[in-house]
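Working notes for the structure below.
The values are calculated or read from the model by the stated rules, or taken from the named source; none is laboratory data. Every value quoted in this text rests on a predicted model; they were computed, and no experiment measured them. Backbone-built Cβ (ideal geometry, glycine too); neighbour counts: all protein chains shown.
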Amino acid sequence: MGEMEELRKEADNLKDQITEARKVVQDTTLQEAVAGTTLVGRVQLKTRKTLRGHLAKIYAMHWGTDTNCSKLCVSASQDGKLIVWDTLTTNKVNAIPLKSSWVMTCAYAPSGNMVACGGLDNMCSIYNLKGKDGNVKVMRELAAHTGYLSCCRFLNDSEIITSSGDCTCILWDIETGTEKTIFAGHLGDCMSLAVSPDFKMFISGACDFTAKLWDIREATCRQTFSGHESDINAIGFFPNGNAVITGSDDATCKLYDLRADQELITYQDSGIMCGVTSLAASLSGRLLLAGYDDFNVNIWDMLKAERVGVLAGHDNRVSCIGVSSDGMACCTGSWDSFLKIWN
Amino acid sequence: MLLLHHVGRLGPGFTIRRSIEQRIALDFERFFSQDSIRLDFKSLTSGVEAKMSSKMPSSNNIAQARRTVQQLRIEASIERIKVSKASADLMHYCGEHAKYDPLLMGIPASENPFKDKKPCTIL
């Protein structure tokens, strides 16, 4: 009894210390700092391509990064298929049938050699796109999570990080198919993850309303960010790796600075009352594109926190969004079964 | 069923802040909607039995409390920079890279690989 009470007191003290330390460095706000900056002009993007082929809701998409596949992307749909698209021609490079159609996430390896997906099967399946006979086959099935797979991201061809409804994230060795590190700490389902541009850290957003920054090699949680009033569904890094953007069911997105260890600004509008499903930053970080439950994508000036554009074109919820690695285009995927390329 | 939906997501010590009727209505709609597998699944699988706190602190709870304190010690000890510096660095990055940001600057039609080239007809 005694120790529990002591631990509780120490925890409260430490929380107060953190709150104080954050206040001490809050010599201004981002809002004040950008007061002299001009708002970005209205951003009007047009649909350049519509990728048709999925027969059911699209749950996830991810752009290729390698110079060979900067115009390729992979999408995952409840129709039980992973499709690799050439977004310039709208051709399907690969149409991969999945064992489980309840897929919630997909990822493209930076090398372009593999794709991964997972969902209610609690597993992350890795597919080799460059097999000898040209067929795309399952290379590994990473099984250890006790909850659904919500997100996965490759570090390289031999390592992948997954987030799960079992409240943990795992770093896997793809060769051996085993867990290298388990990142535990969240108190709710992990819904999303993003890897830092230098591949040393990753961030996770969860149903405990917090985002956590993890050191991949030290296997520790460095920082925890609160403030959201509901589940965090989407998370991403600001392009320089020094800040984190989150999107939540509370209808807002937030920008947290890693070095100041606090929230800098909230992206909200009284007219927006539905949850954020997905987000992506433009190449310079000036624009934040966020997909919402109301079928739209809102484009925000990341510094001024004002809406500067809307992408309206889907007939159902926008479930996923991504900006290509060269910043040339944005891709949106929707429950209406289509993907659209905008710029 | 709604109560299970809420309790299942959150651990002990969290207050459920769902004060607006709108939010409850939204959750209600989601729970019964056939569409959202992810949203339904969030509420069903969040380990309800594991999250219920007991009155007598078991060794499990103490171990968990020790881990929480340990983690808070790590987070309290980090170095922080001033918000003014953090803001300035973000603004600087945006400024430096703006001209290379196609979505921000716009792409001339001739340089846009995604833009369909209209065929020319010779009259």
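Counting only residues that are assigned to a loop (DSSP other than H, G, I, E, B) and at the interface with another protein chain (Cβ under 10 Å from one of its Cβ atoms), which one in segment A:309-330 is surrounded by the most Cβ atoms within 10 Å (Cβ to Cβ)?
A:ALA329
Go through the residues of segment A:196-207 one by one and say whether even a single one is hydrophobic (A, V, I, L, M, F, W, C), at pLDDT 95 or above, surrounded by fewer than 19 Cβ atoms within 10 Å (Cβ to Cβ) and closer than 21 Å to A:MET61 by Cα.
yes
Could you list all residues from segment A:112-152 that are under 22 Å from A:TRP85 (Cβ atoms), out of contact with any helix residue (DSSP H, G or I) (no Cβ under 7 Å at 6 or more places or on another chain) and among the small types (Gly, Ala, Ser)?
A:ALA116, A:GLY118, A:GLY119, A:SER125, A:GLY131, A:GLY134
Output the strands (runs of 3 or more DSSP E) that fall wholly within segment A:214-275 and possess 2 or more residues being farther than 25 Å from A:ALA184 by Cβ, or say none.
A:253-257, A:262-267
Could you identify the single residue in A:CYS253, A:CYS221 that is within 23 Å of A:ALA60 (Cα to Cα) and either at the interface with chain B (Cβ under 10 Å from one of its Cβ atoms) or surrounded by 23 or more Cβ atoms within 10 Å (Cβ to Cβ) (or both)?
A:CYS253
Across segment A:43-55, what is the total count of residues that are more than 11 Å from chain B (Cβ to nearest Cβ) and either of a type in the set (Gly, Ala, Ser) or within 21 Å of B:ILE107 (Cβ to Cβ) (or both)?
3
Please identify the pairs in which a residue from segment A:1-27 that is over 19 Å from B:ALA63 (Cα atoms) has its Cβ atom under 8 Å from the Cβ atom of a residue that is of a type in the set (Ser, Thr, Tyr), counting only partners at least 6 apart or on another chain.
A:ASP27/B:SER84
Would you be able to say whether some residue in segment A:104-111 is over 18 Å from the mean Cα position of the chain (by Cα), surrounded by 16 or more Cβ atoms within 10 Å (Cβ to Cβ) and either within 14 Å of chain B (Cβ to nearest Cβ) or over 30 Å from B:LYS117 (Cβ atoms) (or both)?
yes
What are the residue pairs meeting all of these: first residue in segment A:30-41, first residue farther than 11 Å from B:ALA88 by Cβ and at the interface with chain B (Cβ under 9 Å from one of its Cβ atoms), second residue surrounded by 14 or more Cβ atoms within 10 Å (Cβ to Cβ) and not hydrophobic (A, V, I, L, M, F, W, C), Cβ atoms under 6 Å, and 6 or more apart or on different chains?
From residues that are farther than 11 Å from B:ALA88 by Cβ and at the interface with chain B (Cβ under 9 Å from one of its Cβ atoms), the pairs are A:VAL40/A:ASP301.
I need a count of the residues in segment A:1-41 that are at pLDDT 95 or above, among the aliphatic types (A, V, I, L, M) and surrounded by fewer than 14 Cβ atoms within 10 Å (Cβ to Cβ).
Qualifying residue count for the region: 3.
Quick check: is even one residue across segment A:291-303 touching a residue at least 60 places away in the same chain (Cβ under 8 Å) and touching a Phe, Trp or Tyr at 6+ places or on another chain (Cβ under 7 Å)?
The answer is no, given that none of the residues of segment A:291-303 is touching a residue at least 60 places away in the same chain (Cβ under 8 Å) and touching a Phe, Trp or Tyr at 6+ places or on another chain (Cβ under 7 Å).
Condition test on A:PRO239, is it of a type outside the set (Lys, Arg), in contact with a Gly (Cβ under 6 Å, 6 or more places away or on another chain), surrounded by fewer than 19 Cβ atoms within 10 Å (Cβ to Cβ) and touching a residue at least 24 places away in the same chain (Cβ under 8 Å)?
It is false that A:PRO239 is of a type outside the set (Lys, Arg), in contact with a Gly (Cβ under 6 Å, 6 or more places away or on another chain), surrounded by fewer than 19 Cβ atoms within 10 Å (Cβ to Cβ) and touching a residue at least 24 places away in the same chain (Cβ under 8 Å).
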